[in-house]
Structure formats: C-alpha cells, structure tokens
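Okay, structure first, notes after.
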Amino acid sequence: MVHLAKIPTDKDLTAPLVDGLEKVKFGDVADDDTTVSVYGSRFAAEDLPKYEMPEWEMPKDVAYRMIKDDLTLDGTPTLNLASFVTTYMEEEAEKLMIECFSKNFIDYEEYPVSADIQNRCVSMIARLFNIPSHDENTNAMGTSTVGSSEAIMLGVLAMKKRWQQKRKAEGKPTDRPNIVMNSAVQVCWEKAARYFDVEEKYVYCTADRYVIDPKEAVDLVDENTIGICAILGTTYTGEYEDIKAINDLLVERNMDTPIHVDAASGGFVVPFINPGLLWDFRLEKVVSINVSGHKYGLVYPGVGWVVWRDPKYLPKELIFNINYLGADQASFTLNFSRGASQIIGQYYQMIRLGKHGYRSIMLNLTRTADYLAANLEQLGFIIMSKRGGNGLPLVACRIDPSKGKVYDEFAIAHQLRERGWVVPAYTMAPHSEGLKMMRVVVREDFTRSRCDALIADFKLACQTLDAMDEKKVKEHQDHSKHMRHRATRTGRHHRINNHFSDEKHSLQGKTGKTHAVC
C-alpha cells in the first residue's frame with residue numbers, strides 16, 4: 001500500500017527525508033548481496049548513510065556508483081563562471097598527480113625529489129616576480145601552501161613578527177599592530193587580521209573607485225602599521241591596484257613600511273600579458289608576494305605559493321626545525337601533512353607550457369574576455385572591468401540604471417542559473433552605495449564557442465525579464481531570494497550550520513558586503 005509522504009517544512013530540512021513507501025521485504029536476495037547490477041542490490045533501495053558510520057561493509061562497486069550518482073547533483077565546474085579555480089588539466093598532468101596521491105609531501109627524507117620540485121617551483125616563481133638576485137644563489141625564500149589563504153596568513157605573520165622585533169628593540173609596546181588594506185579584499189585577509197590580533201584599517205571603495213587609493217592608504221600608516229596589502233587583481237572587478245604609487249609614496253616619505261602583494265589571481269597573468277607593469281620585487285617596498293597555483297597557475301585546487309624577497313623578511317621564530325621524519329628539516333607553514341600531487345602538478349605546468357605557453361593561454365583568455373565585454377555592452381550592460389590586458393581576464397558588469405529596468409542583476413543571475421550557468425551577482429564593497437554587479441571569470445577552458453553560448457543565454461535572460469511586468473519580476477526576485485537563503489541548487493542542503501549566522505564582526509556582518517567567489 002502506498003502512503004503519501006509528508007512535505008517537509010523548513011524546520012524538517014535537516015531531518016531524513018520520508019520514504020513515502022512501506023518497507024518491502026526482499027525475497028531471495030543472498031546475504032552477500034551478489035547481483036548482476038548495482039541497482040539490483042539492497043543498497044539501491046536504501047538511502048546513503050549521512051549522519052553515522054554504517055555498521056557493515058558495502059561492496060566497492062556499489063559504494064563507487066552510489067557516491068558517483070550522488071555527485072551528479074553537483075553543478076558542472078566548466079559552467080561555474082563564479083570561480084577562478086582551474087577546471088582543466090591535461091591527462092598527463094592528472095596521471096602524474098594521481099601517482100603522487102600517497103606521498104606525504106612534508107616527509108622530505110622519504111620524498112626528497114618532491115621536496116626539491118617544490119624548491120624548483122619557488123625559484124621559478126620568484127624569478128618570474130623579478131627577485132633581486134638572479135644567480136644560482138638567489139636569496140628567494142618561499143614555500144608552497146594549500147592556497148593563497150595560507151600564504152596570506154604566513155605573509156601577515158611575518159610582517160607582524162618583524163614589526164614586533166623592531167618595536168621591542170626600540171623599547172616600545174607591541175600590543176596594537178594594524179594593517180592597511182582595501183575594503184574589497186578577499187575574506188581571508190579579514191581572517192588573517194582577526195586570527196592574529198591585527199587591527200584592520202580600511203581604505204574604502206567609492207561609487208566610482210573599486211581599488212585602493214594610494215595616498216589614502218599611506219596616510220593611514222602609523223607607528224603600529226605592520227604593512228600594506230595591495231591587490232594584483234581584485235575579486236570584484238579584476239583591477240590591478242597601483243602598487244608602484246604606494247611604493248613611491250612610502251619611499252618619498254621615508255617610511256619603513258613593507259608591502260605585501262596579494263597576487264592570488266594576477267601573479268600568473270601580469271608577467272605574460274603586461275610585463276612592463278611595475279608591481280613586484282622591482283619595487284623596493286614589496287617584501288612578499290602570494291599567488292594561487294590553482295587559479296591562473298592552471299593547477300587543480302589546492303595549491304598556493306608565498307615568496308619573500310630576502311630571508312631577513314621571514315623571522316626565524318616562525319621557522320621550526322624537526323627531525324622526527326628521519327632527517328633535519330625546516331618547516332614554516334601552517335599545515336604539516338599534505339599531499340605532493342598539487343606541487344607536482346604545478347611543476348608539470350610550468351615546464352610543460354613554459355613562458356610561451358602561459359603567454360599564449362593568457363592572451364587567449366584576454367581576447368575572449370574583451371569579446372564578451374563588447375557583446376554585453378551591446379546588450380546594454382555597463383562594463384566595470386578593464387580591457388586589453390589592463391586587468392584580469394574577467395568581465396564585471398552591471399545594468400545601466402538609465403535603462404529603467406524593473407529587475408536587477410540578481411534576477412539575471414537566477415535566469416542564467418536556470419540555464420546551467422553560475423554567474424554570480426553580488427553587492428560591491430562597503431561605501432560604494434550598495435552597487436550591484438555581476439562577474440564572469442574567463443578560465444582556460446572557456447572557449448569562444450562557449451562564450452557565444454553564454455552571450456545567447458544572457459540575451460535570452462534579459463528578454464525573458466523584459467517581458468515580465470513589475471509585479472511578476474518582484475515575485476520572481478522574491479522567489480530567487482528565498483531560494484538563495486533556503487537551499488542550494490539541489491534543495492538538499494542549506495548551510496553547514498546556523499550557529500553563527502548573526503555574526504557582526506566581519507565586513508559582511510557590519511556592512512552587508514558580499515564576498516566575490518574566488
């Protein structure tokens with residue numbers, strides 16, 4: 001007999017779904033569940049374990065197929081235009097990375113070649129960023145990390161410790177360090193400041209400026225400032241901040257304040273597209289740089305890098321010597337055990353592509369971004385990102401307010417989502433008058449034909465919304481807003497937890513700033 005299932009309310013969403021059917025007893029199924037088909041086993045008629053480890057084993061082919069089927073409800077990475085994260089690597093790179101899955105990279109004694117490959121990558125990246133010494137004994141000091149977030153944490157720690165050492169030597173207090181940065185920073189900068197007890201001093205964006213103002217940044221510097229963060233490619237509009245102007249003002253005023261460059265996205269773009277731009281170690285106040293290998297470094301997540309211009313900028317108290325893995329080794333990362341795969345993947349990409357290969361890819365991405373921008377402009381959007389290689393290969397845009405549209409960027413994003421595209425709409429950083437915008441990240445596998453498909457769907461989305469009256473658009477927006485807060489695209493999961501949903505300490509909690517996806 002079939003029973004109607006109760007429709008779950010919002011309060012029921014964390015509870016197991018109702019079967020809707022009475023349990024059916026299987027007839028002559030063997031105890032070992034031997035069957036010609038995965039879907040003929042008892043596991044196909046049961047829900048996957050979600051909250052507690054099951055008591056008994058599951059056949060490997062069944063476990064594989066059940067999890068694989070579950071994952072089909074995820075989005076398609078290639079259609080996720082919100083993220084900078086790499087979604088394509090060559091088969092040979094994937095094979096190398098798979099072969100290194102079992103290697104614990106931190107065990108230098110057991111895997112010395114993997115450790116040496118990391119050092120080769122650090123040297124290549126340091127030279128790409130114009131480290132002052134270019135002989136075999138370059139002073140480059142750096143390390144791989146899980147991503148730019150860890151790299152930024154290390155950069156902030158190094159600046160704080162150097163500032164504390166200097167203050168102690170001068171007999172001054174060390175209890176009120178601060179750091180100067182743009183309010184459009186990625187959330188990991190807020191985390192670094194908060195976790196390491198450093199006060200955030202923000203240069204706020206305006207309605208027509210989305211990058212840091214160099215003079216305002218330097219004016220905020222005081223005796224407690226450990227450094228200035230400058231971004232080579234903001235996550236909102238992809239613009240490059242004027243790092244040279246900040247450097248020159250510090251030099252002009254004879255201020256001993258270091259600059260850390262957050263080159264998470266731009267570090268593997270600018271050297272190939274705009275090599276004449278001065279942003280790196282050619283500027284004397286730039287002491288450390290981080291970059292994400294899993295963004296335009298073209299490696300699957302997660303791998304990042306941080307490099308210092310000289311070992312003196314990395315205080316010894318942050319470095320730990322250990323020998324319990326069989327050999328003396330120095331460690332200066334936040335994490336310890338970590339797989340070697342992503343590091344090997346980075347090395348593969350750098351020697352496989354070389355500078356010419358990276359340049360060819362970045363040029364293609366830049367051309368595609370310019371092509372997309374031109375077409376969206378034809379559709380009536382205002383383009384907020386730079387073109388011609390003067391910014392990251394992305395397109396940030398917003399609806400022209402003079403057009404008098406009754407819908408906003410979030411409504412367009414929802415329409416595109418219904419067609420499979422993930423194109424984020426979000427509110428700009430604080431003090432920008434609540435400016436709404438959209439952003440399309442152009443990655444390696446975003447070809448011209450895929451771009452044409454997106455343009456066609458943008459046009460269709462606008463036509464669909466234009467055909468709605470104001471009441472219908474409001475209903476559509478209310479529904480999409482409800483769905484954004486209520487569930488993910490599958491409706492199966494809302495948020496990890498609700499314990500801290502009312503936090504007020506972050507920029508988002510204070511101002512409603514939304515963080516662009518990285």
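The values are calculated or read from the model by the stated rules, or taken from the named source; none is laboratory data. These numbers come from a predicted model, not from an experiment. In this analysis, Cβ positions are derived from the backbone assuming ideal geometry, glycine residues included, and neighbour counts consider all displayed protein chains.
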Legend entry - Selection from segment 40-63 of residues that are exposed (fewer than 14 other Cβ atoms within 10 Å of the Cβ) and assigned to a loop (DSSP other than H, G, I, E, B): Glu46, Asp47, Leu48, Pro49, Lys50, Tyr51, Glu52, Met53, Pro54, Glu55, Trp56, Glu57
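Residue by residue, here is whether (1) surrounded by fewer than 21 Cβ atoms within 10 Å (Cβ to Cβ); (2) touching a Phe, Trp or Tyr at 6+ places or on another chain (Cβ under 8 Å) holds:
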site: Leu314; (1), (2): no, yes
site: Ile319; (1), (2): yes, yes
site: Thr368; (1), (2): yes, yes
site: Ala373; (1), (2): no, no
Legend entry - Cβ-Cβ under 6 Å pairs, at least 6 apart or on other chains, segment 408-430 side within 19 Å of Asp74 (Cβ to Cβ), far side in a strand (DSSP E or B) and among the small types (Gly, Ala, Ser): Ala413/Ala425
Legend entry - Filter result (among the charged types (D, E, K, R), over 18 Å from the mean Cα position of the chain (by Cα) and either closer than 19 Å to Gly380 by Cα or modelled with pLDDT of 95 or more (or both)) within segment 421-447: Lys436
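Matching residues to (1) more than 20 Å from Val299 (Cβ to Cβ); (2) outside any loop (DSSP other than H, G, I, E, B); (3) under 24 Å from the mean Cα position of the chain (by Cα):
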| position | (1), (2), (3) |
| --- | --- |
| Val85 | no, no, yes |
| Asp116 | no, yes, no |
| Val122 | no, yes, yes |
| Pro132 | yes, no, no |
Legend entry - Lone qualifier among Val286, Val299, Val291, Val211 - being free of Cβ contacts under 8 Å to residues at least 40 places away in the same chain and either assigned by TED's automatic domain parsing to the domain that holds Lys436 or of a type in the set (A, V, I, L, M) (or both): Val211
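Taking the stated definitions as given, is Ile98 closer than 30 Å to Ala193 by Cα and out of contact with any Asp or Glu (no Cβ under 9 Å at 6 or more places or on another chain)?
Details: closer than 30 Å to Ala193 by Cα: no; out of contact with any Asp or Glu (no Cβ under 9 Å at 6 or more places or on another chain): yes.
Criteria not met by Ile98.
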Inset, instruction - Quick one: Ile226 ticks every box in (1) in contact with a helix residue (DSSP H, G or I) (Cβ under 6 Å, 6 or more places away or on another chain); (2) over 19 Å from Gln164 (Cβ atoms); (3) at pLDDT 95 or above except a single one, so which number is it? - result: (2)
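Sort out which residues of segment 413-472 are among the acidic types (Asp, Glu) and either in a helix (DSSP H, G or I) or closer than 30 Å to Leu298 by Cβ (or both), and write them in order of number.
Pass one, segment 413-472, residues among the acidic types (Asp, Glu): 418, 433, 444-445, 452, 457, 466, 469-470.
Matches in segment 413-472: Glu418, Glu444, Asp445, Asp452, Asp457, Asp466, Glu470.
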Inset, instruction - State whether one or more residues within segment 7-15 are over 31 Å from the mean Cα position of the chain (by Cα), in a helix (DSSP H, G or I) and either at pLDDT 55 or above or of a type outside the set (Gly, Ala, Ser) (or both). - result: yes
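Matching residues to (1) more than 27 Å from Arg162 (Cα to Cα); (2) in contact with a strand residue (DSSP E or B) (Cβ under 6 Å, 6 or more places away or on another chain); (3) hydrophobic (A, V, I, L, M, F, W, C):
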{"residue": "Ala207", "(1), (2), (3)": "yes, no, yes"}
{"residue": "Leu232", "(1), (2), (3)": "no, yes, yes"}
{"residue": "Ala245", "(1), (2), (3)": "no, no, yes"}
{"residue": "Leu250", "(1), (2), (3)": "no, no, yes"}
{"residue": "Asn254", "(1), (2), (3)": "no, no, no"}
{"residue": "Gly267", "(1), (2), (3)": "no, yes, no"}
{"residue": "Trp279", "(1), (2), (3)": "no, yes, yes"}
Inset, instruction - Tell me which of these Lys191 doesn't satisfy, since it passes every other one: (1) of a type in the set (D, E, K, R); (2) part of a helix (DSSP H, G or I); (3) in contact (Cβ under 8 Å) with a residue 12 or more places away in the chain; (4) farther than 26 Å from Thr427 by Cβ. - result: (4)
Legend entry - Residue satisfying all of: in segment 449-488; among the basic types (Lys, Arg), surrounded by 12 or more Cβ atoms within 10 Å (Cβ to Cβ) and modelled with pLDDT under 95; nearest to the chain's Cα centre (by Cα) among these: Arg484
Legend entry - From Lys168, Lys160, residue being closer than 16 Å to Pro315 by Cα, assigned by TED's automatic domain parsing to the domain that holds Ile226 and surrounded by 21 or more Cβ atoms within 10 Å (Cβ to Cβ): Lys160
Legend entry - Selection count where residues are surrounded by fewer than 17 Cβ atoms within 10 Å (Cβ to Cβ) and farther than 30 Å from Pro401 by Cβ, scope segment 192-219: 6
